[in-house]
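Peer 1: Submitted below is the structure of interest, expressed as structure tokens.
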Amino acid sequence: MPVNLRGRSFLKLLDYTPQEIRYLLDLSKEFKRMKLAGEPHRWLTGKNIVLLFEKTSTRTRCSFEVAGRDLGCGVTYLDPGSSQMGKKESIADTARVLGRMYDGIEYRGFAQQTVQALADYSGVPVWNGLTDQFHPTQMLADLLTIEEKLGRLKGVNFTYMGDARNNMGNSLMIACAKMGLHFTACAPEALFPAKELVEQAEQIAAQTGGSVRLTSDVNEGTRDADVIYTDIWVSMGEPDSVWAERIRLLQPYQVNEKVMANASPTAIFMHCLPSFHDTKTTIGAEIAEKFGITQMEVTDQVFESKQSVVFDEAENRMHTIKAVIYATLC
Ligand code: CP
Ligand code: NVA
């Protein structure tokens, strides 16, 4: 069956079939080829999109802005303090206003229900640029990067280390299940993903030839992995008071040389970024002073190693987001 995503929102990968994800990845490759060849592709000239950010961003915001402009769209950015949304106007009212003016809406914020409400009320495609629960546009970039680097998705041994019940842990588990990868969450039990989501992922994996495993054993969880992935230990929106406990829980799950040596010799290291791999950030320096650790979820050595593909991954955010905008608005 041909894939047609026109008019669809992109809120979480659970809403998309493996065929639809495949279509978006192939479209991303074509947009990447055109961008690198310098071929213009202003195929959405005359359309307008709005980007609503209730949390900060570098990659997601810039990807939507550049992708939108490359496609010929007008792009409006609204930062956390500069709209009425939530404070003086409900999500439903905001959605109905923006839907009259824009052809598509990107939202980054807190609750998944908010991005769902925007989609329910606006009448135009809504794209989830990260909520507390899911980060679906990041998934397309990650899948594209794995395919580019390893030449395949199906059968890849993928290990995620860290907070496995945050937006990245949840999303990667579903993304891997959808595309037939073998997903391992290597994390302390207290940070395992929710049981219901694990069950959903297992059911999906049973159809695609993938698998889902949760383990707290670093040696077992990282052995022969083709991809080692991690994320920051404390996510946006969490209070500073969780740092001490999170460091205690996650220090054993730091991606370091020992972890990479236990993985496949051809393993790649991935991270959605931003990353605390040194003390060259305000938070990195504060944590170093307070807790005496100078690198957190990944060592600087692994981050800067040849196995690290994090900047190719970051670039792919733009190509894949362009595919999502185009496919849903064309
Ligand atoms: N990976 C990611 O979403 O980065 P930003 O927070 O910079 O958008
Ligand atoms: N888990 C991180 C992902 C950042 C892209 C956060 O939500 O802050």
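Peer 1: How large is the accessible surface of Val302 in square angstrom, using a 1.4 angstrom probe and rounding to the nearest 10?
Peer 2: Answer for Val302: close to 10 Å² accessible.
Peer 1: Give me the extension gain from Ala190 to Glu304: residue separation times 0.36 nm, minus the current Cα-Cα distance, reported in nm with one decimal. Don't skip to the answer; put the middle values down first.
Peer 2: On the way: separation 114, 0.36 × 114 = 41.04 nm, distance 2.99 nm.
Taking Ala190 through Glu304 to full extension adds about 38.0 nm, to one decimal.
Peer 1: For segment 1-142, just say rounded, prolate or oblate: build the C-alpha gyration tensor, square-root its eigenvalues into a ≥ b ≥ c, call rounded for a/c under 1.5, and beyond that prolate if a/b exceeds b/c, oblate if not.
Peer 2: Working: a/c = 1.67, a/b = 1.40, b/c = 1.20.
Verdict is prolate for segment 1-142.
Peer 1: Given a 1.4 Å probe, how much area per residue of segment 9-89 is accessible, in Å²? Write down the numbers at each step before the final one.
Peer 2: Details: 3870 Å² over 81 residues.
In whole numbers, segment 9-89 has 48 Å² accessible per residue.
Peer 1: For segment 207-326, just the Cα atoms, rotate onto the principal axes and tell me the three extents in Å, largest first.
Peer 2: Largest first, segment 207-326 extends 44, 39, 30 Å along its Cα principal axes.
Peer 1: Under 20 Å Cα-Cα from Lys87, which lysines qualify once same-chain neighbours fewer than 8 residues away are excluded?
Peer 2: Once the sequence-local lysines are set aside, what remains near Lys87 is Lys55.
Peer 1: Val298: accessible area at probe 1.4 Å, nearest 10 Å²?
Peer 2: 0 Å²
Peer 1: How much accessible area does Asp70 have with a 1.4 Å probe, in Å² rounded to the nearest 10?
Peer 2: 40 Å²
Peer 1: Can you give the net charge of the other residues whose Cβ lies under 12 Å from the Cβ of Gly68, counting K and R as +1 and D and E as -1? Show your work: numbers first, answer last.
Peer 2: On the way: positive: Arg42, Lys47, Arg61, Arg69, Lys322; negative: Glu65, Asp70, Asp103, Glu106.
So the surrounding residues net to +1.
Peer 1: Loop only by DSSP, 11 or fewer other Cβ within 10 Å of the Cβ. Give me the trypsin sites (Lys or Arg not before Pro) in segment 7-94 that pass, ordered by residue number.
Peer 2: Numbers: sites: Arg8, Lys12, Arg22, Lys29, Lys32, Arg33, Lys35, Arg42, Lys47, Lys55, Arg59, Arg61, Arg69, Lys87, Lys88; in loops: Arg8, Lys12, Arg42, Lys47, Lys55, Lys87, Lys88.
Within segment 7-94, the qualifying trypsin sites (Lys or Arg not before Pro) (loop, at most 11 other Cβ atoms within 10 Å) are Arg42, Lys87, Lys88.
Peer 1: In deg cm²/dmol, rounded to 500, what helix-only [θ] at 222 nm does the chain give when every DSSP H run of at least 4 residues adds -39500 (n - 2.57) and the total is split over its residues? The partial results should precede the final answer.
Peer 2: Working: 13 runs with 149 residues, N = 330.
Using -39500 (n - 2.57) per qualifying helix, the result is -14000 deg cm²/dmol.
Peer 1: State to the nearest 20 debye the size of the charge dipole of segment 46-147 about its Cα centre, where the only charges are +1 on K and R beta carbons and -1 on D and E beta carbons. Mind showing how you got there, number by number?
Peer 2: Details: 10 positive and 12 negative charges, 57 e Å.
Once rounded to the nearest 20, the dipole reads 280 debye.
Peer 1: Tally Lys and Arg at +1 and Asp and Glu at -1 over the other residues with C-beta under 13 Å from the C-beta of Glu54: what net charge comes out? List each step's numbers first, then the result.
Peer 2: Numbers: positive: Lys55, Arg61, Lys87, Arg108; negative: Asp79, Glu106, Asp132.
That works out to +1.
Peer 1: Right, here's the next one. Counting only protein chains, not ligands or nucleic acids, how are Thr222, Thr282, Thr17 ordered by accessible area (probe 1.4 Å), most first? Before the final figure, lay out each step's value.
Peer 2: On the way: Thr222 0, Thr282 105, Thr17 55 Å².
Per-residue accessible area, sorted high to low, gives Thr282, Thr17, Thr222.
Peer 1: Any chance you could run the full-extension gain for Glu30 through Glu220? It's 0.36 nm times the residue separation minus the Cα-Cα distance, nm to one decimal.
Peer 2: Values: separation 190, 0.36 × 190 = 68.40 nm, distance 3.80 nm.
Fully extending the segment from Glu30 to Glu220 adds 64.6 nm.
Peer 1: Roughly how many Å is it from the Cα centre of segment 1-60 to that of segment 263-318, as a whole number?
Peer 2: 27 Å
Peer 1: May I pose another question? At Glu199 and Met1, where each label point lies 7 Å from the Cα along Cα→Cβ, what is the point-to-point distance in nanometres?
Peer 2: Output for this residue pair reads 2.6 nm.
Peer 1: For His182, His41, give me the order by solvent-accessible area with a 1.4 Å probe, most accessible first, ignoring ligands, DNA and RNA. Display every interim value, and only then the final one.
Peer 2: Details: His182 55, His41 10 Å².
The ordering from most to least exposed comes out as His182, His41.
Peer 1: Out of Val234, Gln207, Asn157, whose Cα points farthest toward the positive end of the dipole of the chain (charges: +1 Lys, Arg; -1 Asp, Glu; placed on Cβ)?
Peer 2: Gln207
Peer 1: Top to bottom by accessible area (1.4 Å), largest first, where do Ser305, Ser241, Ser82 land?
Peer 2: Numbers: Ser305 35, Ser241 95, Ser82 65 Å².
Descending accessible area places them as Ser241, Ser82, Ser305.
Peer 1: Another question about this same structure. In whole percent, and with a 1.4 Å probe on the protein chains, what portion of the accessible area of the chain is carbon and sulfur?
Peer 2: Details: 7030 of 13940 Å².
Ligands and nucleic acids excluded, carbon and sulfur reach 50 percent.
Peer 1: Any idea how far the Cα center of segment 193-249 sits from the one of segment 75-143, in Å?
Peer 2: That distance is 26 Å.
Peer 1: I would also like to ask the following. So what's Rg/Rh here for segment 154-278, counting alpha carbon atoms and using the Kirkwood radius for Rh? Numbers along the way, then the final one.
Peer 2: Working: Rg = 13.8 Å, Rh = 14.5 Å.
Using only Cα positions, Rg/Rh for segment 154-278 is 0.95.
Peer 1: I've got another one for you. List the residues, sorted by chain then number, that are 5 or more residues from Val255 or on another chain and whose placed amide H is less than 5 Å from its amide H.
Peer 2: Placed amide hydrogens put Val298, Thr299 under 5 Å from Val255.
Peer 1: In square nanometres, what is one fourth of the surface area of the convex hull spanned by the alpha carbons of the chain?
Peer 2: Values: hull surface 66.0 nm².
Directional mean of the projected Cα hull area for the chain stands at 16.5 nm².
Peer 1: Another question about this same structure. Measure up Lys29/Lys178; Lys149/Lys258; Lys32/Lys178; Lys32/Lys258; Lys280/Lys322 against 26 Å on the Cα-Cα distance and list the ones that go over.
Peer 2: Values: Lys29/Lys178 19 Å; Lys149/Lys258 22 Å; Lys32/Lys178 23 Å; Lys32/Lys258 35 Å; Lys280/Lys322 31 Å.
In this structure, Lys32/Lys258; Lys280/Lys322 exceed 26 Å between Cα atoms.
Peer 1: Where does the charge balance sit around Glu148 when Lys and Arg score +1, Asp and Glu -1, over other residues with C-beta under 14 Å from its C-beta?
Peer 2: Working: positive: Lys29, Lys32, Arg33, Lys149, Arg152, Arg317; negative: Asp26, Glu30, Asp142, Glu147, Asp226, Asp312, Glu313, Glu315.
Taking every Cβ under 14 Å from that of Glu148, the sum is -2.
Peer 1: Under the 0.36 nm per residue contour assumption, what length would be gained going from the current alpha-carbon distance of Thr58 and Arg213 to full extension? Please report the intermediate quantities before stating the final value.
Peer 2: Working: separation 155, 0.36 × 155 = 55.80 nm, distance 3.18 nm.
52.6 nm is the gain from fully extending Thr58 to Arg213.
Peer 1: Let me ask you something else. Identify, among Gly86, Gly72, Gly104, the residue whose Cα sits farthest towards the positive end of the charge dipole of segment 54-106, taking +1 on the Cβ of Lys and Arg and -1 on the Cβ of Asp and Glu, with the dipole about the Cα centre.
Peer 2: Among Gly86, Gly72, Gly104, the one farthest towards the positive end of the dipole of segment 54-106 is Gly86.
The values are calculated or read from the model by the stated rules, or taken from the named source; none is laboratory data. Note that the structure is predicted; figures quoted are calculated from it, not measured. Note that we place each Cβ from the backbone using ideal geometry, even for glycine, and neighbour counts take in every protein chain shown. Heavy atoms of the whole protein, side chains included, go into the accessibility calculation; ligands, DNA and RNA do not. Shrake-Rupley method; radii C 1.70, N 1.55, O 1.52, S 1.80 Å.
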